Amino acid sequence: MTGTSAPPPRSGDLVDLTEPVEQRHILRVLIAAQVLSGAGLAAGITVGALLAQDMLGTTGLSGLPSALFTIGSAAAAAWIGRLSQRWGRRVGLASGYAVGALGSAGVVMAATLGSVALLYVSLFVYGAGTATNLQARYAGADLAAPARRGRAVSTVLVATTLGGVLGPNLVSPTGSLAVSWGIPPLAGPFLLASAAYAIAAVVLGTALRPDPLLLARDRENVVRTTVASGFLRVRERAQRGVVVGALVMILTQIVMVAVMTMAPVHMAAHGHGVAAAGVVIAVHVAAMYLPSPVSGWLVDRHGRAVVAVSSGLTLLVAGLLAAFAPGDSVVLLTAALALLGLGWNLGLISGTAIITDTVSVESRAATQGLVDVGIAVAGAGGGLVSGLVVAASSYPVLALTGGILALAIIPIVAITSVRQPDVEAE
(Lines give C-alpha, C1' and ligand atoms only; values in the text may rest on other atoms or scores of the structure.)
Protein backbone atom coordinates (compact mmCIF):
# COMPACT_ATOMS: atom_id res chain seq x y z
CA MET A 1 0.00 0.00 0.00
CA THR A 2 1.14 3.54 -0.72
CA GLY A 3 0.20 7.03 0.32
CA THR A 4 0.57 9.16 3.42
CA SER A 5 -1.97 7.38 5.57
CA ALA A 6 -2.98 3.79 6.05
CA PRO A 7 -6.60 2.70 5.55
CA PRO A 8 -8.64 1.44 8.48
CA PRO A 9 -7.61 -2.04 9.59
CA ARG A 10 -9.40 -5.08 8.26
CA SER A 11 -10.58 -8.10 10.16
CA GLY A 12 -7.42 -10.10 9.69
CA ASP A 13 -5.17 -8.13 12.02
CA LEU A 14 -5.18 -5.81 15.00
CA VAL A 15 -3.68 -2.91 13.09
CA ASP A 16 -3.01 -2.82 9.36
CA LEU A 17 0.16 -0.80 8.84
CA THR A 18 2.42 -0.25 5.87
CA GLU A 19 5.75 -2.00 6.18
CA PRO A 20 8.56 0.15 7.61
CA VAL A 21 11.67 0.84 5.55
CA GLU A 22 13.66 -1.29 7.99
CA GLN A 23 11.89 -4.44 6.77
CA ARG A 24 14.14 -4.77 3.73
CA HIS A 25 17.31 -4.55 5.81
CA ILE A 26 15.94 -7.07 8.29
CA LEU A 27 15.12 -9.52 5.52
CA ARG A 28 18.63 -9.15 4.04
CA VAL A 29 20.25 -9.97 7.39
CA LEU A 30 17.95 -12.93 7.95
CA ILE A 31 18.70 -14.21 4.44
CA ALA A 32 22.45 -14.09 5.08
CA ALA A 33 22.09 -16.00 8.34
CA GLN A 34 19.77 -18.58 6.80
CA VAL A 35 22.15 -19.32 3.94
CA LEU A 36 24.78 -20.20 6.53
CA SER A 37 22.47 -22.14 8.81
CA GLY A 38 21.13 -24.21 5.94
CA ALA A 39 24.48 -25.96 5.69
CA GLY A 40 24.41 -26.75 9.39
CA LEU A 41 20.86 -28.02 9.20
CA ALA A 42 21.68 -30.38 6.33
CA ALA A 43 24.56 -32.06 8.18
CA GLY A 44 22.43 -33.91 10.68
CA ILE A 45 19.87 -34.85 8.06
CA THR A 46 22.43 -36.37 5.71
CA VAL A 47 24.72 -38.35 8.00
CA GLY A 48 23.06 -38.39 11.41
CA ALA A 49 21.37 -41.75 10.96
CA LEU A 50 24.45 -43.26 9.29
CA LEU A 51 26.71 -42.03 12.08
CA ALA A 52 24.44 -43.56 14.71
CA GLN A 53 24.21 -46.82 12.78
CA ASP A 54 27.99 -46.94 12.59
CA MET A 55 28.55 -46.16 16.29
CA LEU A 56 25.68 -48.27 17.66
CA GLY A 57 25.96 -51.16 15.23
CA THR A 58 22.20 -51.47 14.64
CA THR A 59 19.58 -50.16 12.24
CA GLY A 60 16.80 -50.19 14.83
CA LEU A 61 18.26 -47.15 16.61
CA SER A 62 19.41 -45.30 13.49
CA GLY A 63 16.45 -42.95 13.82
CA LEU A 64 17.68 -41.92 17.28
CA PRO A 65 19.84 -38.95 16.11
CA SER A 66 16.85 -37.38 14.41
CA ALA A 67 14.80 -37.94 17.57
CA LEU A 68 17.50 -36.49 19.82
CA PHE A 69 18.20 -33.32 17.92
CA THR A 70 14.49 -32.85 17.35
CA ILE A 71 13.83 -33.14 21.10
CA GLY A 72 16.67 -30.67 21.58
CA SER A 73 14.99 -28.48 19.02
CA ALA A 74 11.78 -28.60 21.05
CA ALA A 75 13.53 -27.50 24.23
CA ALA A 76 15.40 -24.80 22.34
CA ALA A 77 12.25 -23.51 20.62
CA ALA A 78 10.62 -22.67 23.96
CA TRP A 79 13.84 -21.11 25.23
CA ILE A 80 14.38 -19.05 22.07
CA GLY A 81 10.75 -17.94 22.16
CA ARG A 82 11.10 -16.68 25.73
CA LEU A 83 14.39 -14.93 24.97
CA SER A 84 12.89 -13.29 21.89
CA GLN A 85 9.77 -12.21 23.75
CA ARG A 86 11.83 -10.46 26.40
CA TRP A 87 14.92 -9.26 24.55
CA GLY A 88 13.95 -9.40 20.88
CA ARG A 89 14.66 -11.65 17.91
CA ARG A 90 18.34 -10.64 17.70
CA VAL A 91 19.21 -12.05 21.11
CA GLY A 92 16.99 -15.12 20.73
CA LEU A 93 18.18 -16.17 17.27
CA ALA A 94 21.87 -15.42 17.81
CA SER A 95 21.86 -17.39 21.07
CA GLY A 96 20.15 -20.34 19.39
CA TYR A 97 22.73 -20.57 16.62
CA ALA A 98 25.60 -20.26 19.09
CA VAL A 99 24.27 -23.23 21.05
CA GLY A 100 23.78 -25.18 17.79
CA ALA A 101 27.44 -24.57 16.94
CA LEU A 102 28.46 -25.94 20.33
CA GLY A 103 26.35 -29.06 19.80
CA SER A 104 27.86 -29.66 16.36
CA ALA A 105 31.36 -29.49 17.79
CA GLY A 106 30.28 -31.96 20.47
CA VAL A 107 29.15 -34.47 17.83
CA VAL A 108 32.57 -34.28 16.20
CA MET A 109 34.26 -34.90 19.54
CA ALA A 110 31.90 -37.78 20.33
CA ALA A 111 32.66 -39.49 17.01
CA THR A 112 36.40 -38.99 17.51
CA LEU A 113 36.33 -40.42 21.03
CA GLY A 114 33.79 -43.12 20.19
CA SER A 115 31.59 -41.89 23.06
CA VAL A 116 27.94 -42.78 22.55
CA ALA A 117 26.90 -40.87 25.67
CA LEU A 118 28.55 -37.67 24.40
CA LEU A 119 26.95 -38.25 21.00
CA TYR A 120 23.50 -38.32 22.58
CA VAL A 121 24.08 -35.14 24.58
CA SER A 122 25.65 -33.31 21.64
CA LEU A 123 22.85 -34.24 19.23
CA PHE A 124 20.37 -32.87 21.76
CA VAL A 125 22.28 -29.58 21.94
CA TYR A 126 22.74 -29.54 18.15
CA GLY A 127 18.94 -29.33 17.89
CA ALA A 128 19.11 -25.67 18.92
CA GLY A 129 20.36 -24.88 15.42
CA THR A 130 17.34 -26.55 13.85
CA ALA A 131 14.97 -24.68 16.17
CA THR A 132 16.62 -21.35 15.38
CA ASN A 133 16.51 -21.98 11.65
CA LEU A 134 12.73 -22.40 11.87
CA GLN A 135 12.17 -19.57 14.38
CA ALA A 136 13.82 -17.15 11.96
CA ARG A 137 10.79 -17.39 9.67
CA TYR A 138 8.69 -15.62 12.30
CA ALA A 139 11.19 -12.75 12.41
CA GLY A 140 10.61 -12.19 8.71
CA ALA A 141 6.87 -11.76 9.32
CA ASP A 142 7.03 -9.49 12.39
CA LEU A 143 6.84 -6.28 10.36
CA ALA A 144 5.11 -7.67 7.26
CA ALA A 145 1.70 -6.32 6.26
CA PRO A 146 -1.04 -8.99 6.54
CA ALA A 147 -1.33 -9.33 2.77
CA ARG A 148 2.39 -10.07 2.48
CA ARG A 149 2.98 -12.39 5.42
CA GLY A 150 3.19 -15.54 3.35
CA ARG A 151 5.78 -13.99 1.08
CA ALA A 152 7.77 -12.59 4.01
CA VAL A 153 7.96 -16.04 5.60
CA SER A 154 8.90 -17.60 2.28
CA THR A 155 11.72 -15.10 1.69
CA VAL A 156 13.43 -16.20 4.88
CA LEU A 157 12.83 -19.89 4.23
CA VAL A 158 14.11 -19.88 0.66
CA ALA A 159 17.43 -18.47 1.83
CA THR A 160 18.07 -21.77 3.58
CA THR A 161 18.14 -23.46 0.18
CA LEU A 162 21.68 -22.50 -0.80
CA GLY A 163 23.31 -23.83 2.35
CA GLY A 164 20.89 -26.73 2.48
CA VAL A 165 21.82 -27.85 -1.02
CA LEU A 166 25.55 -27.24 -0.65
CA GLY A 167 25.75 -28.97 2.73
CA PRO A 168 24.86 -32.54 1.64
CA ASN A 169 27.09 -32.24 -1.41
CA LEU A 170 30.01 -31.40 0.86
CA VAL A 171 29.69 -34.74 2.67
CA SER A 172 32.61 -36.28 0.80
CA PRO A 173 34.95 -33.22 0.96
CA THR A 174 34.26 -32.62 4.65
CA GLY A 175 34.67 -36.35 5.29
CA SER A 176 38.08 -36.26 3.63
CA LEU A 177 39.02 -33.19 5.67
CA ALA A 178 37.90 -34.95 8.85
CA VAL A 179 40.01 -38.02 8.04
CA SER A 180 43.07 -35.82 7.51
CA TRP A 181 42.52 -34.48 11.02
CA GLY A 182 42.09 -37.92 12.55
CA ILE A 183 38.30 -37.62 12.79
CA PRO A 184 35.82 -40.26 11.49
CA PRO A 185 34.57 -39.24 8.00
CA LEU A 186 30.88 -39.26 8.95
CA ALA A 187 31.60 -36.52 11.50
CA GLY A 188 32.96 -34.24 8.77
CA PRO A 189 29.64 -32.52 7.96
CA PHE A 190 29.29 -31.56 11.62
CA LEU A 191 32.55 -29.60 11.33
CA LEU A 192 30.81 -27.59 8.64
CA ALA A 193 27.71 -27.24 10.82
CA SER A 194 29.68 -25.89 13.75
CA ALA A 195 31.37 -23.22 11.64
CA ALA A 196 28.17 -22.29 9.78
CA TYR A 197 26.07 -21.93 12.94
CA ALA A 198 28.78 -19.89 14.67
CA ILE A 199 29.06 -17.43 11.78
CA ALA A 200 25.25 -17.15 11.55
CA ALA A 201 25.17 -16.25 15.26
CA VAL A 202 27.70 -13.48 14.69
CA VAL A 203 25.80 -12.11 11.68
CA LEU A 204 22.51 -11.91 13.57
CA GLY A 205 24.06 -10.63 16.78
CA THR A 206 25.79 -7.75 15.04
CA ALA A 207 23.53 -6.85 12.12
CA LEU A 208 19.89 -7.54 13.07
CA ARG A 209 19.25 -3.94 14.07
CA PRO A 210 16.64 -2.64 14.59
CA ASP A 211 15.10 -5.72 16.10
CA PRO A 212 11.96 -6.65 14.11
CA LEU A 213 9.89 -7.86 17.06
CA LEU A 214 10.77 -4.92 19.29
CA LEU A 215 10.10 -2.49 16.45
CA ALA A 216 6.74 -4.14 15.74
CA ARG A 217 5.86 -3.82 19.42
CA ASP A 218 6.87 -0.14 19.48
CA ARG A 219 4.87 0.62 16.35
CA GLU A 220 1.77 -1.04 17.75
CA ASN A 221 2.13 0.91 20.99
CA VAL A 222 2.36 4.16 19.02
CA VAL A 223 -0.78 3.28 17.10
CA ARG A 224 -2.60 2.42 20.31
CA THR A 225 -1.90 5.86 21.77
CA THR A 226 -2.24 8.04 18.68
CA VAL A 227 -4.81 6.51 16.36
CA ALA A 228 -8.55 6.65 16.90
CA SER A 229 -10.14 3.50 18.21
CA GLY A 230 -11.83 2.98 14.85
CA PHE A 231 -8.44 2.05 13.48
CA LEU A 232 -8.04 -0.75 16.00
CA ARG A 233 -9.47 -4.20 15.89
CA VAL A 234 -9.41 -6.19 19.09
CA ARG A 235 -9.27 -9.63 17.62
CA GLU A 236 -11.46 -12.18 19.23
CA ARG A 237 -9.38 -15.12 18.15
CA ALA A 238 -10.43 -18.34 19.76
CA GLN A 239 -7.47 -20.60 20.29
CA ARG A 240 -8.76 -22.40 17.24
CA GLY A 241 -6.40 -20.52 14.96
CA VAL A 242 -3.34 -21.48 16.96
CA VAL A 243 -4.47 -25.10 17.20
CA VAL A 244 -5.16 -25.39 13.46
CA GLY A 245 -1.88 -23.80 12.42
CA ALA A 246 0.01 -25.97 14.88
CA LEU A 247 -1.68 -29.19 13.77
CA VAL A 248 -0.96 -28.51 10.11
CA MET A 249 2.73 -28.02 10.86
CA ILE A 250 2.89 -30.92 13.32
CA LEU A 251 1.45 -33.44 10.86
CA THR A 252 3.68 -32.31 8.01
CA GLN A 253 6.69 -32.46 10.34
CA ILE A 254 5.96 -36.02 11.50
CA VAL A 255 5.60 -37.32 7.97
CA MET A 256 8.57 -35.43 6.57
CA VAL A 257 10.99 -36.36 9.36
CA ALA A 258 10.00 -40.03 9.44
CA VAL A 259 10.27 -40.65 5.70
CA MET A 260 13.34 -38.45 5.22
CA THR A 261 15.32 -39.82 8.18
CA MET A 262 15.34 -43.40 6.93
CA ALA A 263 15.95 -42.60 3.26
CA PRO A 264 19.80 -42.76 3.54
CA VAL A 265 19.52 -46.02 5.51
CA HIS A 266 17.14 -47.43 2.87
CA MET A 267 19.56 -46.43 0.13
CA ALA A 268 22.55 -47.96 1.95
CA ALA A 269 20.65 -51.25 2.27
CA HIS A 270 20.29 -51.28 -1.52
CA GLY A 271 23.97 -50.67 -2.19
CA HIS A 272 23.98 -46.90 -2.69
CA GLY A 273 26.89 -44.91 -1.24
CA VAL A 274 26.96 -41.84 0.96
CA ALA A 275 27.50 -39.56 -2.04
CA ALA A 276 24.25 -40.78 -3.66
CA ALA A 277 22.39 -40.27 -0.40
CA GLY A 278 23.86 -36.77 -0.23
CA VAL A 279 22.42 -35.93 -3.65
CA VAL A 280 18.98 -37.24 -2.70
CA ILE A 281 18.96 -35.29 0.57
CA ALA A 282 20.23 -32.18 -1.23
CA VAL A 283 17.26 -32.35 -3.61
CA HIS A 284 14.96 -32.96 -0.65
CA VAL A 285 16.27 -29.94 1.25
CA ALA A 286 16.03 -27.81 -1.89
CA ALA A 287 12.40 -28.83 -2.25
CA MET A 288 11.81 -27.95 1.40
CA TYR A 289 12.87 -24.35 0.84
CA LEU A 290 13.27 -23.43 -2.84
CA PRO A 291 9.51 -23.37 -3.65
CA SER A 292 8.93 -20.93 -0.76
CA PRO A 293 8.34 -17.80 -2.89
CA VAL A 294 5.62 -19.59 -4.85
CA SER A 295 4.17 -21.13 -1.69
CA GLY A 296 4.11 -17.74 0.02
CA TRP A 297 2.37 -16.16 -2.96
CA LEU A 298 -0.20 -18.96 -3.01
CA VAL A 299 -0.87 -18.49 0.72
CA ASP A 300 -1.40 -14.74 0.25
CA ARG A 301 -3.37 -15.09 -2.97
CA HIS A 302 -5.54 -18.18 -2.46
CA GLY A 303 -5.67 -18.52 1.29
CA ARG A 304 -4.14 -20.49 4.10
CA ALA A 305 -6.66 -23.34 3.97
CA VAL A 306 -6.18 -24.15 0.28
CA VAL A 307 -2.42 -24.40 0.64
CA ALA A 308 -2.67 -26.44 3.86
CA VAL A 309 -4.89 -29.02 2.14
CA SER A 310 -2.48 -29.08 -0.81
CA SER A 311 0.34 -29.97 1.57
CA GLY A 312 -1.52 -33.07 2.76
CA LEU A 313 -2.20 -34.24 -0.78
CA THR A 314 1.41 -33.65 -1.83
CA LEU A 315 2.71 -35.67 1.11
CA LEU A 316 0.36 -38.51 0.18
CA VAL A 317 1.79 -38.65 -3.34
CA ALA A 318 5.33 -38.53 -1.91
CA GLY A 319 4.58 -41.45 0.41
CA LEU A 320 3.08 -43.53 -2.38
CA LEU A 321 6.01 -42.89 -4.69
CA ALA A 322 8.60 -43.69 -2.00
CA ALA A 323 6.71 -46.85 -1.06
CA PHE A 324 6.42 -48.29 -4.57
CA ALA A 325 9.70 -47.07 -6.09
CA PRO A 326 12.20 -49.91 -6.69
CA GLY A 327 15.02 -49.87 -4.16
CA ASP A 328 17.64 -49.50 -6.89
CA SER A 329 15.95 -46.44 -8.46
CA VAL A 330 17.71 -43.32 -7.21
CA VAL A 331 15.68 -41.20 -9.63
CA LEU A 332 12.28 -42.24 -8.27
CA LEU A 333 13.41 -41.97 -4.66
CA THR A 334 14.78 -38.51 -5.40
CA ALA A 335 11.41 -37.51 -6.87
CA ALA A 336 9.63 -38.87 -3.79
CA LEU A 337 11.90 -36.96 -1.42
CA ALA A 338 11.43 -33.80 -3.50
CA LEU A 339 7.65 -34.10 -3.17
CA LEU A 340 8.11 -34.78 0.53
CA GLY A 341 10.02 -31.52 0.90
CA LEU A 342 7.42 -29.61 -1.13
CA GLY A 343 4.56 -30.92 0.99
CA TRP A 344 6.40 -29.89 4.15
CA ASN A 345 7.03 -26.43 2.68
CA LEU A 346 3.36 -25.88 1.86
CA GLY A 347 2.33 -26.95 5.34
CA LEU A 348 4.94 -24.86 7.13
CA ILE A 349 4.19 -21.61 5.31
CA SER A 350 0.41 -21.94 5.52
CA GLY A 351 0.60 -22.98 9.18
CA THR A 352 2.97 -20.14 10.03
CA ALA A 353 0.65 -17.62 8.37
CA ILE A 354 -2.31 -18.96 10.36
CA ILE A 355 -0.35 -18.60 13.62
CA THR A 356 0.85 -15.08 12.81
CA ASP A 357 -2.68 -14.02 11.86
CA THR A 358 -3.92 -15.22 15.22
CA VAL A 359 -1.42 -14.02 17.82
CA SER A 360 -0.94 -10.39 18.84
CA VAL A 361 2.54 -8.91 19.09
CA GLU A 362 2.47 -8.82 22.89
CA SER A 363 2.66 -12.61 23.16
CA ARG A 364 3.76 -13.49 19.64
CA ALA A 365 7.28 -14.85 20.16
CA ALA A 366 6.40 -16.86 23.26
CA THR A 367 3.38 -18.45 21.58
CA GLN A 368 5.34 -19.18 18.41
CA GLY A 369 8.05 -20.80 20.50
CA LEU A 370 5.52 -23.08 22.19
CA VAL A 371 4.01 -24.01 18.83
CA ASP A 372 7.46 -24.93 17.56
CA VAL A 373 7.94 -27.07 20.66
CA GLY A 374 4.95 -29.15 19.56
CA ILE A 375 6.33 -29.34 16.04
CA ALA A 376 9.73 -30.44 17.27
CA VAL A 377 8.33 -33.06 19.64
CA ALA A 378 6.23 -34.45 16.82
CA GLY A 379 9.29 -34.58 14.60
CA ALA A 380 11.23 -36.36 17.34
CA GLY A 381 8.51 -38.98 17.55
CA GLY A 382 8.57 -39.39 13.79
CA GLY A 383 12.33 -39.78 13.73
CA LEU A 384 12.40 -42.30 16.57
CA VAL A 385 9.51 -44.39 15.30
CA SER A 386 10.87 -44.40 11.75
CA GLY A 387 13.83 -46.59 12.66
CA LEU A 388 11.65 -48.99 14.62
CA VAL A 389 9.14 -49.29 11.77
CA VAL A 390 11.83 -49.98 9.19
CA ALA A 391 13.53 -52.52 11.45
CA ALA A 392 10.21 -54.29 12.07
CA SER A 393 8.86 -54.09 8.52
CA SER A 394 10.33 -52.02 5.70
CA TYR A 395 10.89 -48.52 4.35
CA PRO A 396 7.93 -48.81 1.91
CA VAL A 397 5.60 -49.51 4.85
CA LEU A 398 6.94 -46.42 6.63
CA ALA A 399 6.49 -44.23 3.55
CA LEU A 400 2.98 -45.46 2.84
CA THR A 401 1.90 -44.97 6.45
CA GLY A 402 3.28 -41.43 6.42
CA GLY A 403 1.41 -40.52 3.25
CA ILE A 404 -1.89 -41.75 4.64
CA LEU A 405 -1.33 -39.91 7.93
CA ALA A 406 -0.85 -36.63 6.05
CA LEU A 407 -4.45 -36.81 4.81
CA ALA A 408 -5.60 -35.93 8.35
CA ILE A 409 -4.78 -32.32 7.47
CA ILE A 410 -7.83 -32.13 5.20
CA PRO A 411 -10.57 -32.71 7.81
CA ILE A 412 -8.73 -30.53 10.35
CA VAL A 413 -8.75 -27.57 7.99
CA ALA A 414 -12.25 -28.29 6.66
CA ILE A 415 -13.87 -28.56 10.10
CA THR A 416 -12.29 -25.39 11.45
CA SER A 417 -12.87 -23.31 8.31
CA VAL A 418 -9.64 -21.29 8.32
CA ARG A 419 -10.26 -18.06 6.46
CA GLN A 420 -7.98 -15.61 4.70
CA PRO A 421 -7.49 -12.29 6.52
CA ASP A 422 -9.57 -9.56 4.92
CA VAL A 423 -6.74 -7.47 3.54
CA GLU A 424 -5.97 -6.00 0.18
CA ALA A 425 -3.19 -7.65 -1.77
CA GLU A 426 -0.28 -5.41 -2.39
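The values are calculated or read from the model by the stated rules, or taken from the named source; none is laboratory data. Quick caveat, the model's predicted, so the values are computed rather than measured. We place every Cβ from the backbone using ideal geometry, glycine too, and count neighbours over all the protein chains shown.
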Inset, instruction - Mind telling me which of the residues 192, 162, 166 ends up being in a helix (DSSP H, G or I), more than 24 Å from residue 265 (Cβ to Cβ) and not acidic (Asp, Glu)? - result: 162
Inset, instruction - May I ask you to verify whether residue 174 is hydroxyl-bearing (Ser, Thr, Tyr), over 24 Å from residue 84 (Cβ atoms), in a helix (DSSP H, G or I) and touching a Pro at 6+ places or on another chain (Cβ under 8 Å)? - result: yes
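Restricting attention to the range 356-364, does a residue exist that is part of a helix (DSSP H, G or I) and of a type in the set (Lys, Arg)?
Let us first name the residues in the range 356-364 that are part of a helix (DSSP H, G or I), namely 356-358, 364.
Checking which are of a type in the set (Lys, Arg) leaves us with 364.
Scanning the range 356-364, I find at least one residue that is part of a helix (DSSP H, G or I) and of a type in the set (Lys, Arg), so the answer is yes.
Among the helices (runs of 4 or more DSSP H) contained in the range 263-321, which hold 2 or more residues that are within 18 Å of the chain's Cα centre (by Cα) and modelled with pLDDT under 90? Write out each step before concluding.
On the way: elements: 263-269, 274-289, 292-302.
Correct list: 274-289.
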Inset, instruction - Kindly indicate whether residue 249 is within 27 Å of residue 174 (Cβ to Cβ), modelled with pLDDT of 90 or more and either over 13 Å from the mean Cα position of the chain (by Cα) or in a helix (DSSP H, G or I) (or both). - result: no
Legend entry - Condition met for residue 378 (in contact (Cβ under 8 Å) with a residue 60 or more places away in the chain and over 30 Å from residue 218 (Cβ atoms)): yes
Inset, instruction - Return the residue satisfying two criteria in turn: it lies in the range 344-376 and is of a type in the set (A, V, I, L, M, F, W, C) and at pLDDT below 85, and of such residues it is surrounded by the most Cβ atoms within 10 Å (Cβ to Cβ). - result: 376
Legend entry - Of residues in the range 147-189 being of a type in the set (S, T, N, Q) and over 22 Å from the mean Cα position of the chain (by Cα), the one farthest from residue 27 (Cα to Cα): 180
Inset, instruction - Quick one: in the range 322-343, of everything that is under 23 Å from residue 164 (Cβ atoms) and in contact (Cβ under 8 Å) with a residue 60 or more places away in the chain, which residue is surrounded by the most Cβ atoms within 10 Å (Cβ to Cβ)? - result: 340
Inset, instruction - Among residues belonging to the range 360-375 that are hydrophobic (A, V, I, L, M, F, W, C) and within 15 Å of residue 82 (Cα to Cα), point out the one that is farthest from the chain's Cα centre (by Cα). - result: 361
Inset, instruction - State all residues of the range 109-129 that are closer than 20 Å to residue 179 by Cα and crowded, with 22+ Cβ neighbours inside 10 Å; if no residue qualifies, say none. - result: 110, 111, 119
Inset, instruction - Run residue 144 past the list (1) assigned to a helix (DSSP H, G or I); (2) within 20 Å of the chain's Cα centre (by Cα) and report the number of the one that doesn't hold. - result: (1)
